[in-house]
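Notes follow once the structure below has been shown.
Only the coordinates and a few stated rules stand behind these numbers; no lab work does. What you are looking at is a predicted structure, and each value in this text was computed from that prediction instead of being measured. Backbone-built Cβ (ideal geometry, glycine too); neighbour counts: all protein chains shown.
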Amino acid sequence: MNRPESDNRDLFAIADLAKEFGISTRAIRFYESKGLLSPERVGATRIFRRRDRARLMLILRGKRLGFSLRDISDYLSLYDPRSQAAQVHLLVEMVDERLALLQQQMSDLNTTLAELSEIRKLASERLAQGN
């Protein structure tokens, strides 16, 4: 099976990762400042490894799913290649909490949509009576 070129590489420049993930180099530096990424340095140049790329992928996925940077940091801090049980338990807990929040928001949105539809209906009927 052919893997994307980036999966075959061991080292990445910040611009490479920014382009690959469609984010700014500033965003990557921000994640680094928060301790989520730890690139090596050669002088002033950041050198990212596959592990950094994988972490960035997880950070972006977590953000897309609505997790806070603290949640993502907690999850990443538990990474242990020998035993991932703690990491998986935390992931299940975080996902359950996020699902509950989104389900509540969906319920709230459905209530709001129903109320707005009723208001619109009543307003339209009033306009029709006036003409």
Considering only the other residues whose Cβ falls under 13 Å of the Cβ of residue 52, what net charge follows from Lys and Arg at +1 and Asp and Glu at -1?
+4
Trypsin sites (Lys or Arg not before Pro) lying in DSSP loop within the range 23-109, provided at most 13 other Cβ fall within 10 Å:
34, 82
Out of these labelled values of semi-axes √(5λ) of the Cα gyration tensor in Å, [x] 18, 17, 14; [y] 44, 20, 13; [z] 33, 17, 12, which was calculated from the coordinates shown here?
[y]
Which of the lysines could a cross-linker bridge to residue 34, judged by Cα under 19 Å and excluding same-chain residues fewer than eight apart?
63
What is the set of long-range amide H partners of residue 47 at a cut-off below 5 Å, with H atoms built 1.01 Å from backbone N?
40, 41, 42
